[in-house]
Amino acid sequence: MFEFDGKPTTLGAETDVFVGYPFRSDTFCDDGDGIRLLRGDNISQGRIVWADAKRLSKESAPDHSTYELREGDVVLAMDRPWVGAGLKHARIRKQDTPSLLVQRTACLRGKGGTSTDFIYYVVAGSPYAKYIQGITTGSLVPHISKEQIQSYPFLLPPPTAQREIAAVLSALDAKIDLNNRINAELEALAKTIYDYWFVQFDLPDANGRPYKSSGGAMVWNDALKREIPVGWNAGSLWDIATYTNGLAMQKFRPKGDDFLPVIKIKEMSDGFSSDTERASPLIGEKFIVDDGDILFSWSATLAVQIWARGRGALNQHIFKVTSETYPKSFIYFELLNYLGHFKMMAEKRKTTMGHITLDHLRQSAVVIPPLPLIKELDKLLRPTFDQCVGLSKQNLELAQLRDWLLPLLMNGQVRVD
């Protein structure tokens with residue numbers, strides 16, 4: 001048993017805590033070279049999400065150097081700090097800089113020899129999450145204050161123990177981050193190959209040359225309003241797959257200890273959490289999702305993904321997409337490529353609950369290559385798909401190990417060698 005003499009202290013005593021600046025919208029820019037502004041919406045559970053990030057023109061940035069974020073900084077959302085997926089907290093990575101902190105977000109930096117990396121795991125622990133849940137106020141917009149962040153009490157180990165604890169947990173987080181980056185690169189590579197074959201039509205011809213670029217025979221297709229290779233067909237997304245909509249799982253609650261976690265749109269983006277609903281495992285196999293299944297959320301948030309977060313129950317508003325004829329790689333990339341069109345349709349309807357109907361699937365127009373070619377490409381891409389699923393499953397195991405170790409290390413119950 002490894003024990004240390006922890007010093008009772010608070011976050012305010014061991015860190016510099018500062019809150020972001022209320023940047024004016026007229027200083028924002030659409031220029032991709034502008035400085036990113038970190039808002040609470042960009043802070044997820046242990047990661048930064050830069051989708052839809054606002055940017056500040058570089059001409060305005062020098063006036064706000066006080067709010068520049070550094071690699072290793074710990075950031076917290078102060079409005080809605082706790083959501084169903086967990087506490088909105090993250091650590092700034094090198095790729096997250098340069099960026100500036102916006103109002104209603106907080107940044108913590110260790111001071112007086114206190115390790116900022118260690119502070120991150122203080123914030124990431126379940127005791128801090130429970131503390132935040134207990135102090136959050138406000139009915140319309142739940143929020144916390146700088147003073148409440150500073151008041152959190154905890155036991156601070158000696159500097160050497162801080163560094164050792166942070167090193168162990170950071171190694172697990174680094175592996176998770178690496179796996180995520182590998183997955184992103186593998187999927188991007190697979191899509192590039194897929195598009196090269198079935199969108200640009202430059203798959204290898206009989207002589208190994210790119211088909212279309214080398215003068216392969218093409219024919220006009222009225223449904224697709226473009227030329228496609230001779231012998232290929234047009235069809236719809238409905239033609240290539242079966243779309244099983246989930247159930248209203250509140251009608252299928254478990255009656256005993258056996259249950260399946262319910263997969264809603266939130267779980268598709270954030271994974272299972274303590275707030276995930278439960279369903280009876282007797283719902284029928286067609287409504288059960290396993291790793292490697294294709295999911296398509298068709299209401300409000302439109303998204304397609306290969307599920308890799310463990311066995312679960314399919315909720316309504318999500319299709320499980322299957323086929324007895326076509327391989328998963330073909331169906332997945334056809335859906336993914338058509339997703340932009342579906343999103344544009346939803347945007348044109350000017351509705352906050354844009355959704356895709358079965359008629360939209362029937363009315364879609366996609367190219368359908370000969371099945372032997374589809375299977376040939378799937379043989380090439382399948383190892384990449386399997387590797388992505390494997391890395392995602394490994395990440396779940398690593399996250400579970402990290403979350404199990406964290407309180408033990410913080411309490412000095414586990415030796416760091």
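Readers should treat all values here as calculations from the given coordinates under stated rules, not as data from a laboratory. Note that the coordinates shown come from a computational prediction; the quantities given were computed from them, not determined experimentally. Backbone-built Cβ (ideal geometry, glycine too); neighbour counts: all protein chains shown.
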Item checked: Extreme residue, positive dipole direction of the range 153-281, given options GLY216, GLN200, SER274 (C-beta unit charges) -> SER274
Item checked: Label point 7 Å beyond Cα of LYS7 along Cβ direction - residues of the range 136-156 with amide nitrogen under 15 Å -> 154-156
Notebook entry, point to check: So what J values fall out for the range 19-24 if you push phi through Karplus, 6.51 cos²θ - 1.76 cosθ + 1.60 with θ = phi - 60°, rounded to Hz, Gly and Pro as x?
Noted result: 9, x, 9, x, 4, 7
Next item on the list: Would you calculate the separation in nanometres between label points at ASP386 and GLN45, each defined as 7 Å from the Cα along the Cα-to-beta-carbon direction?
Entry: 3.0 nm
Next item on the list: Return the FRET efficiency for the residue pair ASN221, ASP30: r is the Cβ-Cβ distance, R0 is 45 Å, and the value is rounded to the nearest 0.05.
Entry: 0.75
Next item on the list: Take ILE283, ILE135, ILE119, ILE92 and order them by how many other Cβ atoms sit within 10 Å, fewest up front.
Entry: ILE135, ILE283, ILE92, ILE119
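To the nearest 0.05, what FRET efficiency results for LYS130 and PHE18 with a Förster distance of 25 Å applied to their C-beta separation?
According to the calculation, E is roughly 0.50.
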Item checked: Placed amide H near HIS317: partners under 5 Å, 5+ positions off or other chain -> GLY246
Checklist line | Proxy reagent accessibility, fewest Cβ within 10 Å first, across GLU324, GLU277, GLU185 | finding: GLU324, GLU185, GLU277
Next item on the list: Could you tell me the distance between the Cα centroids of the range 226-289 and the range 326-343, to the nearest Å?
Entry: 16 Å
Note to self: As I understand it, the value is the acute angle between the Cα axis of helix 159-198 and the longest principal axis of the Cα atoms of the chain; what does it come to in degrees, rounded to 10?
What the structure shows: 10 degrees
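What does the helix-only formula give at 222 nm for the chain: each DSSP H stretch with n ≥ 4 adding -39500 (n - 2.57), the total divided by the residues, and the result rounded to the nearest 500 deg cm²/dmol? Walk me through the numbers on the way to the answer.
On the way: 10 runs with 145 residues, N = 417.
Mean residue ellipticity, 222 nm, calculated: -11500 deg cm²/dmol.
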Note to self: With every atom except the alpha carbons ignored, what do you get for Rg and Dmax of the range 275-417, in angstroms?
What the structure shows: 19.4, 62
Checklist line | Angle between the chain longest axis and helix 371-410 axis [Cα atoms, degrees, rounded to 10] | finding: 10 degrees
Notebook entry, point to check: Where does the range 67-164 land on Rg(C-alpha)/(2.2 N^0.38 Å)?
Noted result: 1.09
Checklist line | Normalised convex hull volume, the range 20-132, alpha-carbon set, Å³ per residue | finding: 105 Å³
Check: For the range 91-108 and the range 141-182, what is the separation of their C-alpha centers, rounded to whole Å?
Finding: 15 Å
Margin query: How large is the translational diffusion coefficient of the chain in µm² per second when you combine the Kirkwood radius over alpha carbon pairs with Stokes-Einstein at 20 °C and 1.002 mPa s?
Written below: 88 µm²/s
Next item on the list: Would you mind classifying the range 114-225 by shape? Square roots of the alpha carbon gyration tensor eigenvalues, ordered a ≥ b ≥ c; an a/c under 1.5 is rounded, otherwise it is prolate if a/b is larger than b/c and oblate if not.
Entry: oblate
Checklist line | Contour excess over end-to-end distance, with Cα ends at THR160 and ARG93 and 0.36 nm allotted per residue | finding: 21.8 nm
Item checked: Cα→Cβ-extended label distance, 7 Å offset, between ALA234 and LEU401, nm -> 5.2 nm
Notebook entry, point to check: Which of the peptides 378-385, 5-12 is most tightly packed, and how do the rest follow, going by the mean number of other Cβ atoms within 10 Å of each residue?
Noted result: 378-385, 5-12
Checklist line | Taking TRP298, TRP232, TRP50, TRP197 and counting other C-beta atoms within 10 Å, the order from fewest to most | finding: TRP50, TRP232, TRP197, TRP298
Notebook entry, point to check: What residue among TYR196, TYR128, TYR332 shows peak mean-square fluctuation when the chain is described by a Gaussian network model with Cα springs under 10 Å?
Noted result: TYR196
Checklist line | Dipole magnitude of the chain, debye to nearest 20 (Cβ charges: Lys/Arg +1, Asp/Glu -1, about Cα centre) | finding: 640 debye
Notebook entry, point to check: Taking the Cα centre of the chain as the origin and placing charges on Cβ (Lys, Arg +1; Asp, Glu -1), which of SER60, LEU302, GLN413 is farthest toward the positive end of the dipole?
Noted result: LEU302
Next item on the list: Using +1 at the Cβ of each Lys and Arg and -1 at the Cβ of each Asp and Glu in the chain, identify which of PHE385, ASN315, ALA399 lies farthest towards the dipole's positive end.
Entry: ASN315
Note to self: Check which residues have an amide H placed less than 5 Å from ALA308's amide H, if you skip close sequence neighbours.
What the structure shows: GLY292
Next item on the list: Let me have the relative contact order for the chain, percent, based on Cα pairs under 8 Å that are six or more residues apart.
Entry: 17 percent
Check: Zone of LYS375 (label point 7 Å along Cα→Cβ, backbone N under 20 Å): which residues in the range 308-346?
Finding: 322-334
Next item on the list: Report the residues of the range 93-122 in range of a label on ASP52: point 7 Å along Cα→C-beta, backbone N strictly under 14 Å from it.
Entry: none
